[in-house]
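The values are calculated or read from the model by the stated rules, or taken from the named source; none is laboratory data. The shown structure was predicted, so the numbers you read here are calculated from the model rather than taken from an experiment. Note that each Cβ is placed from the backbone with ideal geometry, even for glycine, and that neighbours are counted across all protein chains shown.
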Amino acid sequence: MAVGADMSLSRLPASPLRGLTQAKPASPQQPAVPQFGARPPMISDSRVQDVVNNQLASSAGARELATRSMDRAGVSRGKGQAYYGDIAQAGGDVQARNAAAETEMGAASANASAQAAYDSAMRNEQLTNAGLLESMRNAEARERMAKMGWQQDLYEATRRGQFGLDQYQLDFTPLLSGLLR
């Protein structure tokens, strides 16, 4: 049980050796399989919607602009000017919607092509890595086969040498034939 505490210790500056005495966390080992690159950056939907909203809002004053351009001094606006204003507004809306659709399709196309390029690059890298690994395995197998062949050649040469020494025999046939007569 603690009897007392020295509260002045907390006011002391940190020791410069503090970082040296603490155990550093173990660094993660590198994985056997290489990590692939980061996914490509995508065009965010919120940015696309911001642009689309601006494009749609750009056609907002087409009716008033068209009717104002037909104003004449002393002439009040009639149904014809309202009709042409409505046509101008509809045309502006169509152009704004077309531009907005093109923007959305362009962003989707850019995202899809970036993703397809990334997937293709990663597949190609996987195939390349698999090919390198397979060629390393084949080289190792060829080396083992060559080593076995060298061992077999050495064994055969040793045996041939032994057989060669065994084959040197004295020819006693004339002596034997003379003794046996």
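Just a few scattered comments:
- Some residue of region 149-158 being loosely packed, with under 10 Cβ neighbours inside 10 Å, of a type in the set (S, T, N, Q), over 30 Å from Asp45 (Cα atoms) and at pLDDT below 90: no
- Some residue of region 57-67 being in a helix (DSSP H, G or I) and within 30 Å of Ala114 (Cβ to Cβ): yes
- Criterion (under 24 Å from Pro41 (Cα atoms) and part of a helix (DSSP H, G or I)) met by exactly one of Asp93, Asp119: Asp119
- Arg68 among the charged types (D, E, K, R) and at pLDDT 90 or above: no
- Among the residues of region 18-65, those that are polar (S, T, N, Q) and modelled with pLDDT under 75 comprise Thr21, Gln22, Ser27, Gln29, Gln30, Gln35.
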